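Below is one structure, written out as structure tokens, with a few remarks after it.
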Amino acid sequence: MNELQTDIVVVGAGASGIGASLAASENGGKVILLEKGDKFGGAGMFGAQGLFAAGSKLQKQNGIDYSPSDAYKEMLNYTHYRSNTRLTKAIINKSADTIDWLAKNGLQTELVNNTQEVHQEHPRVYHQYIDKFDGFQKLMNNFTNNGGQLLTKTVVESINYSADNSIKLIINQDGDSKQITCSKVIFSDGGYVGNQEMVDKYLTINSKDLYSMGERKATGDGIKMLTELGADNSGLGVFENHAASVVSKTDPKWHNNTIFSLTNLPFLWLNRRGERFVNEDIVYDFALWGNTTYTNGGYYYFVLDQPTIDYLKNNQLNWTDSFERTFKTLSHDPMTHAIGPFENIDSDLQEAIDQGAAVCGESIEDLAEKLNLDPTILEKNFEQYNHVVSEKTDSDFGKDSEFLKFNISKAPFYAIKAQSTTLGTIGGISVDDKLHALKTDGQVLPNLFVTGNNASGMYDTSYPTLEGISCAFAWNSGRIAGETAVNELKK
Ligand SMILES: Cc1cc2nc3c(=O)[nH]c(=O)nc-3n(C[C@H](O)[C@H](O)[C@H](O)COP(=O)(O)OP(=O)(O)OC[C@H]3O[C@@H](n4cnc5c(N)ncnc54)[C@H](O)[C@@H]3O)c2cc1C
């Protein structure tokens, strides 16, 4: 068997694994970086567009007054102090320097307006990647220039670990078994959203109602290995809820612009019992929108009646598509704060019905039957919503009166199902503020580190509303783990 020797092995070449490898290699560590896929980057490159920082030079140059201590307080308020306070402080305190560090190594960012509509009054924190793919390639070039080695199509098959001796990993590189002897292992393989069995175990909704946009290759390999070695995995079960999606029952690649735009607007929403349950303008905060969808059973229906559809077919509506700012910020185009007219809305709705994503009822009773709901509940909720719209005041849930424009009065009625959506899993193995894996008694498992979506502690039950915080966690946790691993080698 081919035998390799190194100081540090990093498992997973996404945001946190690249962060760890680059940091360790530039500090003099000999590093082998293993990547399951044939390309590096993970969700950190193929999905994400930017990261959070507090107190960065870009923020200071732009007069943004938002310090690490402001961010710390905001995070801890959001998580009700149920998260790991030392870890949170460590990540936030490093976040500004990491923006410079990424830029120095080739991944430039620009400070943009926060990308979600409701965060416009919040100090700007989102550092958007410039020329992302080129930037990631430069990071990887710097890693290899530092002497680092990237092995793609490679996974760890087993780990022979004892706290006092060198660690032996049996790896499989595209069919070939090899052994690596090393001093430290950093597990950065991105959580477990790609592992259906684990997702089923930890999800509190029916997994059929979950739409995952996360990294499919993240199958919990590191979490499982660490658990077997006695690591504390009590943080498993936190999903990065993000918005809600209309999904075809038959075609995973189905895309319909009209339906997807309508999903991003605050029409009437009904839960799985047919009741209105929230101020629908929560659609302008992706994390909270995702959370309310998850908490209310994993899906809801948004409902339109025929006069609303006729209006949307013929008129532009001066509401903002909740994703507009995200896309316009990326393309550097001005906002329109308008949608429509949707000239093909009739055929688009029919397409949604054909895809099993929507139903049309010729009456309230017919709609209730097709949705398997109690017609009296549906009728009562339509009546109450119509009352709220006529009053122009949402005395039930406090939706902004700007969005009390359409009532539900005339059949046919269309109900489109929006499902819980996740960007990945964000709870895993417990860590300290240096990203060491911890045992169930809170003590360190020496020489083993955990980063990014594999680690728990930064979040409570859900993804916070601070824009870009999960990539900030990935890069900064990786960097801290890489630096710590090398420092420990020197001792
Ligand atoms: C569509 C989308 C958009 C997002 N947008 C943002 C955003 O704008 N801002 C933000 O802050 N966050 C965003 N996120 C979340 C962010 O991408 C993740 O939090 C971050 O990438 C996590 O980093 P990671 O290193 O833990 O995992 P990843 O970046 O996913 O990397 C994990 C890597 O490990 C590899 N791997 C898995 N198993 C193994 C194994 N056994 N052996 C070797 N390699 C393995 C995978 O192939 C992958 O390359 C987004 C996520 C998605 C899906």
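Every number in this text was worked out from the coordinates using simple rules, so none of it is lab data. Predicted model only: the values in this text are computed from it and were never measured. Positions of Cβ are backbone-derived with ideal geometry, glycine not excepted, and every protein chain shown enters the neighbour counts.
Computed on the stretch 342-491, the Cα convex hull volume stands at 205 Å³ per residue. Strictly over 26 Å apart at the Cα level, which of Lys94/Lys132; Lys39/Lys224; Lys313/Lys399; Lys201/Lys399; Lys313/Lys417; Lys30/Lys153 would you flag in this model? The answer is Lys201/Lys399. With no solvent and one point per C-alpha, what does the Debye sum give as log10 I(q)/I(0) for the stretch 241-421 at q = 0.08, 0.09, 0.10, 0.18 Å⁻¹? So the normalised log intensities are -0.22, -0.29, -0.36, -1.31. In summary, the helical segments of the chain meeting the span-like criteria, namely a full DSSP H run, a Cα extent along the axis of 27 angstrom or more and a mean Kyte-Doolittle hydropathy of at least -0.5, are 85-104, 469-490. If only the Cβ of Lys and Arg carry +1 and only the Cβ of Asp and Glu carry -1, the dipole of the chain around its Cα centre is close to 1640 debye.
Each of Arg272, Arg325 has some number of other Cβ atoms within 10 Å of its Cβ, and from fewest to most they run Arg272, Arg325. Remark: spin-label model distance Asp400-Gln5 equals 6.4 nm, labels positioned 7 Å along the Cα→Cβ axis. Charge dipole of the stretch 241-421 (Cα centre as origin; +1 on each Lys and Arg Cβ, -1 on each Asp and Glu Cβ, all else neutral): 400 debye, rounded to the nearest 20.
For the stretch 241-421, what is the relative contact order in percent, using Cα pairs closer than 8 Å and at least 6 residues apart in sequence? Walk me through the numbers before you get to the answer.
Numbers: 324 pairs, mean separation 61.7, N = 181.
Over the stretch 241-421, the number comes to 34 percent.
When the helix-only estimate is applied to the chain (DSSP H runs of n ≥ 4, each -39,500 (n - 2.57), divided by the residue count), what is the mean residue ellipticity at 222 nm, nearest 500 deg cm²/dmol? List each step's numbers first, then the result.
Details: 16 runs with 173 residues, N = 491.
Value at 222 nm, helices only: -10500 deg cm²/dmol.
Taking the square roots of 5 times each eigenvalue of the Cα gyration tensor of the stretch 165-270, largest first, gives ellipsoid semi-axes of 37, 17, 11 Å.
The mean sequence separation of alpha-carbon pairs under 8 Å and at least six residues apart, normalised by the residue count of the chain, gives a relative contact order of 25 percent. Projecting the Cα atoms of Gly230, Ala163, Gly482 onto the charge dipole of the chain (Cβ charges, centred on the Cα centre) puts Ala163 farthest toward the positive pole.
Here the alpha carbons of the stretch 1-149 define both size measures, Rg and Dmax, at 17.0, 59 Å. Size descriptors for the stretch 322-405: radius of gyration and Dmax over Cα atoms are 17.2, 48 Å. Placing dummy labels 7 Å off each Cα toward the beta-carbon, the span from Glu379 to Ser177 is 7.0 nm. Counted by neighbouring Cβ atoms within 10 Å, the residues Phe260, Phe52 run from fewest to most as Phe260, Phe52. Cβ crowding within 10 Å ranks His119, His337, His242 as His337, His119, His242, fewest other Cβ atoms first. Within a straight-line Cα-Cα reach of under 12 Å, Lys178 can be paired with the following aspartates and glutamates, leaving aside sequence neighbours fewer than 8 residues apart in one chain: Glu3, Glu157. The chain gives an Rg/Rh value of 1.02, both radii derived from C-alpha positions and Rh following Kirkwood. Simple point charges give the picture: +1 on the Cβ of Lys and Arg, -1 on the Cβ of Asp and Glu, and for the stretch 90-228 a dipole about the Cα centre of about 260 debye.
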